Amino acid sequence: MTDDALTPDQIQQLRDRVAGLMPQVRADLEQLVRIPSVSASSFDQSQVARSAEAVAELLRREGLDVEIVQEGGRPAVIGHLDGPEGAPTVTLYAHHDVQPPGDDADWDTPPFEPTERDGRLYGRGAADDKAGVMAHVAALRAHSGQLPVGVTVFVEGEEEFGSASLPQILEKHGHRLSADAIVIADSGNWAIGEPALTTTLRGGVRAVVRVQTLDHSVHSGMYGGAAPDAVTALIRLLASLHDEDGNVAVKGLDEGTAAELDYDEARFREESGLLDGVDLIGTGSILTRLWNKPSITTIGMDVTSVDKASNTLAARAAAKVSMRLAPAQDPAAAFELLEQHLLEHAPWGAKVTVELEEHGSGFAADADGPIYDEARASFADAWGTAPVDMGVGGSIPFISDFVARFPEASIIVTGVEDPDTRAHGANESLHLGEFEKVCVAEAVFLARLGALQRTR
Ligand SMILES: [Zn+2]
């Protein structure tokens, strides 16, 4: 592999070609945004079918062999075009469904009427993720007639509705999606002018902890002071989950370190709405705490409400806790550590049971090797600056489905979003200047990947 497998002239040609394509790419994006393809079940699902058909047509026009597939959920689109003999293969992922628009009154312009203001295109799905769909189409157009790699495009129709039928789609059609590289265009960049690859996502565990101290509830005057109540015992138990600094105190959980990016406490306070005078919890850089260390939150409790309270020692109490995990942590192992901690810290011999409700894997990209090198180089070609590695504190559950199904593939998570995109919110928008760079990066990546194969 050599870094100059593609000449600066070839890269400039691709930049110019994409620049020439952008008006049509933009017009096609607007057509997609006009289709209100909300996958949530209370919305008109014929619109999701329409958007699947519109995406299928865009891919057919690029010469792909296209099929709309539906395995009990919303329609997804799979298209394929062979590359040169022996060339690597790439699968390009995006989704054509969108979140509900919410209240129209919260939008400055109607959600399904794409509108440009100050260099941004506003509309539901203008970024998440119809611009992801169009970035793939733009990359194909840039190589029209001479695709350097074999390409499969997979455009899901229910990402915003939990990807419930994705396992069945992968089971039935997965052989068509297998590739050397899988580009998932559903995340974003670090800032305007600062590209990023999303290389980590946290996993998660949700569990219910139940505490019982008495056979039945009893009068707090008669028995209080000698018998513990379950609510107080539960609170002490939950308090044991953090140390004095607010770090998770469950022993044995993995933790890592985030890349050093510009993100200060003032910005975090502003974005999170943290009240003046309330401390941040945990140690390490803020991004490390958000992306690479575990966190535990109490998200619900079954206790007597204040209104219905009486002078009683409660016999039972329960809480639901949500644990976020370092990206590479095995969630089943993390649950066992949590369960062990809770059983060992039962105060006053209280009877404690812990039940696993749900767990999901995180994602830690194997972000080295020739394919990742080409991806980083492509971003640098498009932006003039190398991409940073970014994490996401939440999960994108379908990514772990891909990792499990395609363990050999390099999975590259990209996207069109920036910190002002407001995906899922009112006034969602796409930065049009950044969007062109996303399209250039993907077009260059396909070329670099094709060249990589020829020189190795
Ligand atoms: Zn999305």
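Of the residues in the stretch 88-125, how many are over 17 Å from ASP186 (Cα atoms), among the polar types (S, T, N, Q) and either within 16 Å of the ligand (Cβ to nearest atom) or in contact with a Leu (Cβ under 8 Å, 6 or more places away or on another chain) (or both)?
Adding up the residues that qualify gives 1.
Is it the case that some residue within the stretch 290-299 is part of a loop (DSSP other than H, G, I, E, B), under 25 Å from VAL352 (Cβ atoms), at pLDDT 95 or above and among the small types (Gly, Ala, Ser)?
no
Being among the small types (Gly, Ala, Ser) and more than 16 Å from the ligand (Cβ to nearest atom) is the filter here, so list the residues in the stretch 165-195 that pass it.
Within the stretch 165-195, SER165, GLY174, SER178, ALA179, ALA181, ALA191, GLY193 qualify.
With the requirement that a residue be in a loop (DSSP other than H, G, I, E, B) and within 15 Å of the ligand (Cβ to nearest atom), what does the stretch 153-164 give you?
Scanning the stretch 153-164 gives GLY157, GLU158, GLY162, SER163.
Return yes or no: is ALA266 outside any loop (DSSP other than H, G, I, E, B), open to solvent by 60 Å² or more (accessible area, probe 1.4 Å) and closer than 30 Å to ALA196 by Cα?
yes
Look through the stretch 38-48, keep the residues that are within 14 Å of GLN70 (Cβ to Cβ) and among the polar types (S, T, N, Q), and return whichever of them is surrounded by the fewest Cβ atoms within 10 Å (Cβ to Cβ).
Out of the qualifying residues, it is SER46.
Taking the condition at pLDDT 95 or above, of a type in the set (Asp, Glu) and closer than 19 Å to GLU355 by Cα, does GLU344 pass?
In short, yes.
Can you spot a residue in the stretch 219-229 that is open to solvent by 20 Å² or more (accessible area, probe 1.4 Å) and either within 30 Å of ALA333 (Cβ to Cβ) or touching a Cys at 6+ places or on another chain (Cβ under 9 Å) (or both)?
No.
List the number of the failed condition for HIS359; all other conditions in (1) outside any helix (DSSP H, G or I); (2) surrounded by 15 or more Cβ atoms within 10 Å (Cβ to Cβ); (3) modelled with pLDDT of 95 or more hold.
Looking at each condition in turn, HIS359 falls short on (3).
Spot the failing condition for ASP245; the list is (1) in contact (Cβ under 8 Å) with a residue 60 or more places away in the chain; (2) more than 16 Å from the ligand (Cβ to nearest atom), and only one is missed.
(1)
Give all pairs with beta carbons closer than 6 Å in which a residue from the stretch 363-382 that is among the charged types (D, E, K, R) meets a residue that is open to solvent by less than 30 Å² (accessible area, probe 1.4 Å); count only pairs at least 6 apart in sequence or on separate chains.
Pairs that qualify, where the first residue is among the charged types (D, E, K, R) and the partner is open to solvent by less than 30 Å² (accessible area, probe 1.4 Å), are GLU374/ARG448; GLU374/LEU449; GLU374/LEU452; ARG376/PRO387; ASP381/ILE11; ASP381/VAL444.
Restricting to the stretch 391-408, and then to whatever is open to solvent by 20 Å² or more (accessible area, probe 1.4 Å) and aliphatic (A, V, I, L, M), can you tell me which residue is farthest from ARG15 (Cα to Cα)?
ALA404
Would you check if GLU434 is open to solvent by less than 30 Å² (accessible area, probe 1.4 Å), among the charged types (D, E, K, R) and either within 16 Å of the ligand (Cβ to nearest atom) or over 23 Å from LEU81 (Cβ atoms) (or both)?
yes
What tally of residues in the stretch 126-148 results from selecting those that are small (Gly, Ala, Ser), within 16 Å of the ligand (Cβ to nearest atom) and assigned to a loop (DSSP other than H, G, I, E, B)?
The total comes to 2.
Table: residues versus (1) within 16 Å of the ligand (Cβ to nearest atom); (2) touching an Asp or Glu at 6+ places or on another chain (Cβ under 8 Å); (3) at pLDDT 95 or above.
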residue	(1), (2), (3)
ARG376	no, no, yes
ASP381	no, no, yes
GLY394	yes, no, no
PHE398	yes, yes, no
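Looking at the stretch 108-127, which of its residues are within 22 Å of LEU58 (Cα to Cα) and either open to solvent by 10 Å² or more (accessible area, probe 1.4 Å) or free of Cβ contacts under 8 Å to residues at least 40 places away in the same chain (or both)?
PHE112, GLU113, PRO114, THR115, TYR122
Of the residues in the stretch 362-390, how many are in contact with a Lys or Arg (Cβ under 7 Å, 6 or more places away or on another chain) and surrounded by fewer than 18 Cβ atoms within 10 Å (Cβ to Cβ)?
Within the stretch 362-390, residues that are in contact with a Lys or Arg (Cβ under 7 Å, 6 or more places away or on another chain) and surrounded by fewer than 18 Cβ atoms within 10 Å (Cβ to Cβ) number 1.
How many residues, within the stretch 401-430, are outside any loop (DSSP other than H, G, I, E, B) and farther than 22 Å from SER165 by Cβ?
The number of residues fulfilling the criteria is 8.
If ALA334 meets every condition in (1) farther than 30 Å from ALA233 by Cβ; (2) in contact with a strand residue (DSSP E or B) (Cβ under 9 Å, 6 or more places away or on another chain); (3) modelled with pLDDT of 95 or more; (4) among the small types (Gly, Ala, Ser) apart from one, which number is that one?
Of (1) farther than 30 Å from ALA233 by Cβ; (2) in contact with a strand residue (DSSP E or B) (Cβ under 9 Å, 6 or more places away or on another chain); (3) modelled with pLDDT of 95 or more; (4) among the small types (Gly, Ala, Ser), only one is false for ALA334: (1).
From the list VAL69, VAL25, VAL33, VAL18, exactly one residue is open to solvent by less than 70 Å² (accessible area, probe 1.4 Å), under 22 Å from the mean Cα position of the chain (by Cα) and of a type outside the set (Asp, Glu). Which is it?
VAL33
Could you go through the stretch 299-318 and let me know if any residue there is open to solvent by less than 20 Å² (accessible area, probe 1.4 Å), among the small types (Gly, Ala, Ser) and under 30 Å from ASP264 (Cα atoms).
Taking every residue of the stretch 299-318 in turn, none turns out to be open to solvent by less than 20 Å² (accessible area, probe 1.4 Å), among the small types (Gly, Ala, Ser) and under 30 Å from ASP264 (Cα atoms).
The values are calculated or read from the model by the stated rules, or taken from the named source; none is laboratory data. Note that the coordinates shown come from a computational prediction; the quantities given were computed from them, not determined experimentally. Backbone-built Cβ (ideal geometry, glycine too); neighbour counts: all protein chains shown. Accessible surface areas use protein heavy atoms only, side chains included; no ligands, DNA or RNA. Shrake-Rupley method; radii C 1.70, N 1.55, O 1.52, S 1.80 Å.
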